[in-house]
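Visitor: Sharing a structure, written as structure tokens. Questions coming.
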Amino acid sequence: MSLNAVVYTKRREMLGKNHPDTLLSLNNYALLCLNHEQYQEGFELLYEAYHEAKELYSDGHPVLLGIKDNLAYAYSFFGELEDALELQREVYN
């Protein structure tokens, strides 16, 4: 288990799944998965982080925008370029 996975798991246990620090740890863990070619796991973790962040933050919040941008990046690994582009437009417009 990676250090990012351990940090995410501990923060989730101690702070709850919807705490901002937990969401950032989940985002970081997902990016690590993507960087190690564990695309499905990384995508699923980012998808979860995005939907949990939507419950906490307004549309323009920097944390939500960062997670959304990373989710767009994950979509590109599956050839879902329209979905990726749509999310990136939301982030950068």
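The values are calculated or read from the model by the stated rules, or taken from the named source; none is laboratory data. All of these numbers come straight from a predicted model, not from anything done at the bench. For neighbour counting, all protein chains shown are included, and Cβ atoms are generated from backbone atoms with ideal geometry for every residue, glycine included. Areas reflect the complete protein model, heavy atoms only, side chains present, ligands, DNA and RNA absent. Shrake-Rupley method; radii C 1.70, N 1.55, O 1.52, S 1.80 Å.
Visitor: I'm checking my understanding of the structure. Among residues of segment 67-79 that are modelled with pLDDT under 95 and of a type outside the set (Ser, Thr, Tyr), which one is surrounded by the most Cβ atoms within 10 Å (Cβ to Cβ)?
Guide: Phe77
Visitor: Looking at segment 12-36, which of its residues are surrounded by 17 or more Cβ atoms within 10 Å (Cβ to Cβ), free of Cβ contacts under 8 Å to residues at least 24 places away in the same chain and under 19 Å from Leu64 (Cβ atoms)?
Guide: Scanning segment 12-36 gives Arg12, Thr22, Ser25.
Visitor: Within segment 44-82, how many residues turn out to be under 12 Å from the mean Cα position of the chain (by Cα) and assigned to a loop (DSSP other than H, G, I, E, B)?
Guide: Within segment 44-82, the subset under 12 Å from the mean Cα position of the chain (by Cα) is 44-54, 63-75.
Imposing the further condition that a residue be assigned to a loop (DSSP other than H, G, I, E, B) reduces the set to none.
Summing the residues that are under 12 Å from the mean Cα position of the chain (by Cα) and assigned to a loop (DSSP other than H, G, I, E, B) in segment 44-82 gives 0.
Visitor: Of the residues Glu37, Glu13, which is within 23 Å of Ala72 (Cα to Cα) and of a type outside the set (A, V, I, L, M, F, W, C)?
Guide: Numbers: Glu13 fails: within 23 Å of Ala72 (Cα to Cα).
After ruling out the rest, the residue left standing is Glu37.
Visitor: Exactly one condition in (1) open to solvent by 40 Å² or more (accessible area, probe 1.4 Å); (2) on the phi < 0 side of the Ramachandran plot is not met by Ala84; state its number.
Guide: With respect to (1) open to solvent by 40 Å² or more (accessible area, probe 1.4 Å); (2) on the phi < 0 side of the Ramachandran plot, Ala84 is out only on (1).
Visitor: Quick check on Glu41: is it open to solvent by less than 90 Å² (accessible area, probe 1.4 Å) and either of a type outside the set (Gly, Ala, Ser) or in a helix (DSSP H, G or I) (or both)? Walk me through how you get there before you give the answer.
Guide: Numbers: open to solvent by less than 90 Å² (accessible area, probe 1.4 Å): yes; either of a type outside the set (Gly, Ala, Ser) or in a helix (DSSP H, G or I) (or both): yes.
The answer is yes for Glu41.
Visitor: What are the pairs with Cβ atoms under 6 angstrom where one residue, in segment 44-59, is over 16 Å from Arg12 (Cα atoms) and the other, located anywhere, is open to solvent by less than 100 Å² (accessible area, probe 1.4 Å)? Sequence gap at least six, or different chains.
Guide: Tyr57/Val63; Tyr57/Leu64
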